[in-house]
């Protein structure tokens, strides 16, 4: 028997908000302090949003030494803390849909550092939609490991079988599945649609507003 959905966990970047340009600018700014070579394009950076910053740098071809990585991370975070919402906006339909789903317990699970995630959501005046924001804290494994999802469930006192995970990358879907949640992939974000479908999420949506129908049908 399918259990009713009572709680929804959302990824942040690429799911709720289009933060590509601000993340790319901060990423490029950080790299300028540790390398003299060419910088990756915004499009190239966007393909890796949702991963840990050090993983993004490595996969983009930057083998940073430990001191360089420390400088890069500090520079990125300082810049992003100041300019992180200069261009960032919620995706179309997000605010209206969150209003429509306000009766559900809602949380965010993101790879952003905890304080950074809380700041961005507050600057976008979206904090009131969520009962919990689960960002990265030391010792917590990032998605696709289920740890952050499980931490959010614990904070919200929600059972996995009553919770839906919504995200735009394979890491979101795999983390939700590993935690025992139903999963919903959105195709308008940073993830590859074919890769998302290969993870076999329970639902695949082209627009965020379609989420209302999915939840109502449960």
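With N denoting the number of residues in region 20-83, provide Rg(C-alpha) divided by 2.2 N^0.38 Å, to two decimal places.
Ratio of Cα Rg to 2.2 N^0.38 Å: 0.97.
To the nearest 0.05, how large is the calculated FRET efficiency for residue 55 and residue 103 if R₀ is 45 Å and r is the Cβ-Cβ distance?
0.75
What is the distance in Å between the Cα centroid of region 158-189 and that of region 102-151?
Region 158-189 and region 102-151 have Cα centres spaced 14 Å from each other.
Would you kindly state how much longer the chain becomes between residue 96 and residue 3 on full extension, computed as 0.36 nm times their sequence separation minus their alpha carbon distance, in nm to one decimal?
Fully extending the segment from residue 96 to residue 3 adds 30.9 nm.
Report, to two decimal places, the Cα Rg of the chain normalised by 2.2 N^0.38 Å (N = number of residues).
For the chain, the normalised Cα radius of gyration comes out at 0.99.
Which residues does the label zone of residue 197 cover in region 155-177, counting backbone N under 19 Å from a point 7 Å along Cα→Cβ?
167-174
Length gain on complete extension for the stretch residue 21 to residue 42, per 0.36 nm per residue less the alpha carbon to alpha carbon distance? Write down the numbers at each step before the final one.
On the way: separation 21, 0.36 × 21 = 7.56 nm, distance 0.67 nm.
Taking 0.36 nm per residue and subtracting the Cα distance, the gain is 6.9 nm.
To test your reading of the geometry: what angle, between 0 and 90 degrees and rounded to tens, separates the Cα axis of helix 66-83 from the longest principal axis of the chain?
60 degrees
Over the Cα atoms of region 17-124, each weighted equally, I'd like the Debye log10 I(q)/I(0) at q = 0.12, 0.13, 0.18, 0.19 Å⁻¹, rounded to two decimals.
Taken in order of the listed q values, log10 I(q)/I(0) reads -0.45, -0.52, -0.90, -0.98.
Using only the Cα atoms of region 94-143, what are the Rg and Dmax in Å?
Spelled out, the Cα radius of gyration and Dmax of region 94-143 are 11.6, 35 Å.
Relative to the longest principal axis of the chain, what angle (0 to 90°, nearest 10) does the C-alpha long axis of helix 20-32 take?
Value to nearest ten degrees: 30.
Between residue 28 and residue 125, what is the label-to-label distance in nm when each label sits 7 Å out along the Cα-to-Cβ direction?
Each label point lies 7 Å from its Cα, and together they span 3.0 nm.
Mean separation of Cα pairs under 8 Å and 6+ residues apart, divided by the residue count of region 89-141: what relative contact order is that in percent?
Reported relative contact order: 43 percent.
For q values of 0.22, 0.24, 0.34 Å⁻¹, compute log₁₀ I(q)/I(0) with the Debye formula on a Cα-only model of region 1-44, without solvent.
The computed values of log10 I(q)/I(0) come out as -0.80, -0.87, -1.16.
In region 18-45, which residues have a backbone nitrogen under 20 Å from the label point lying 7 Å from residue 70's Cα in the Cα-to-Cβ direction?
Output list for this probe position: 30-36.
Only the coordinates and a few stated rules stand behind these numbers; no lab work does. Owing to the predicted nature of the structure, the values given are computational and were not obtained by experimental measurement. Note that each Cβ is placed from the backbone with ideal geometry, even for glycine, and that neighbours are counted across all protein chains shown.
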